[in-house]
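Novice: Here it is, the structure in full.
The values are calculated or read from the model by the stated rules, or taken from the named source; none is laboratory data. Only a predicted model underlies this, so the values are computations on that prediction, with no experimental measurement involved. Ideal geometry is used to build each Cβ from the backbone, glycine not excepted, and the neighbour counts take in all protein chains shown. Calculation scope for accessible area: heavy atoms of the full protein, side chains included, ligands and nucleic acids excluded. Shrake-Rupley method; radii C 1.70, N 1.55, O 1.52, S 1.80 Å.
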Amino acid sequence: MDRSGFSGDGYIIDQSKMGRFPYGKFASDYNGCGWIAVYNLMHALGFAVTAEQIHKLCLQALPYKGFFGTPVKTVCQVLDLFAIRTETTRGRKQILSAPNRYPYGILRFFDGKYDHYVAFADAGSGMYRFFNSDPSREVDVLTMERFVRQRCRLGPVTCVGVTAHP
């Protein structure tokens with residue numbers, strides 16, 4: 001795997017470097033953000049999994065030959081395989097009304113061009129580290145409110161928040 005798309009601490013931060021991984025009808029540099037978010041979340045939770053393992057699991061669960069990317073339901077199903085319990089919250093207002101509700105999770109949103117998934121992890125003091133959100137930043141840390149207001153441009157926002165994990 002091309003490690004240039006990874007941060008020094010093992011997160012995938014540049015999806016454009018994942019083109020050699022087919023993901024359904026397209027390559028991962030185009031529509032792989034779902035499996036990348038699952039991998040980054042699991043890495044943040046301390047699971048000893050490789051990006052290749054998560055790519056394979058998500059690919060096996062991917063419906064519609066990947067034509068529409070990864071559905072939220074598929075993300076939750078893969079996380080459930082590892083006994084990671086989640087709760088899905090939809091809507092900006094609902095997500096922002098409960099700051100620090102989820103120390104770990106995945107956001108799905110429209111970034112101005114495409115639907116996109118990013119994983120996040122609590123970085124302390126009301127801040128979160130976001131993964132695969134800005135390839136120019138190895139460490140991308142913002143409040144949840146600032147991230148949602150600045151980066152989730154239009155349309156719905158969905159949060160798959162971790163409620164329990166081994």
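Novice: Can you figure out the FRET efficiency of Gln77 with Thr50, using R₀ = 22 Å and their beta-carbon distance, to the nearest 0.05?
Specialist: Once rounded, the FRET efficiency stands at 0.65.
Novice: How large is the accessible surface of Val139 in square angstrom, using a 1.4 angstrom probe and rounding to the nearest 10?
Specialist: Taking all protein chains as shown, Val139 has close to 90 Å².
Novice: Binning at 5 Å from 0, report for the chain what percent of all alpha-carbon pair distances ends up in each bin.
Specialist: 1, 9, 20, 24, 23, 15, 6, 1, 0
Novice: Which three semi-axes in whole Å describe the equivalent ellipsoid of the stretch 30-126, each the square root of 5 times a Cα gyration tensor eigenvalue, listed largest first?
Specialist: 21, 17, 12
Novice: Report, to the nearest 10°, how far helix 33-44 tilts away from the longest principal axis of the Cα atoms in the chain, using its own Cα long axis and a range of 0 to 90°.
Specialist: Approximately 70 degrees, to the nearest 10.
Novice: Once you have the alpha carbon radius of gyration of the stretch 72-166, what is it after dividing by 2.2 N^0.38 Å, with N set to its residue count?
Specialist: Working it through for the stretch 72-166, the quotient is 1.02.
Novice: Average the reciprocal distances over every distinct pair of alpha-carbons in the stretch 73-123, invert the result, and give the Kirkwood radius in Å.
Specialist: 12.3 Å
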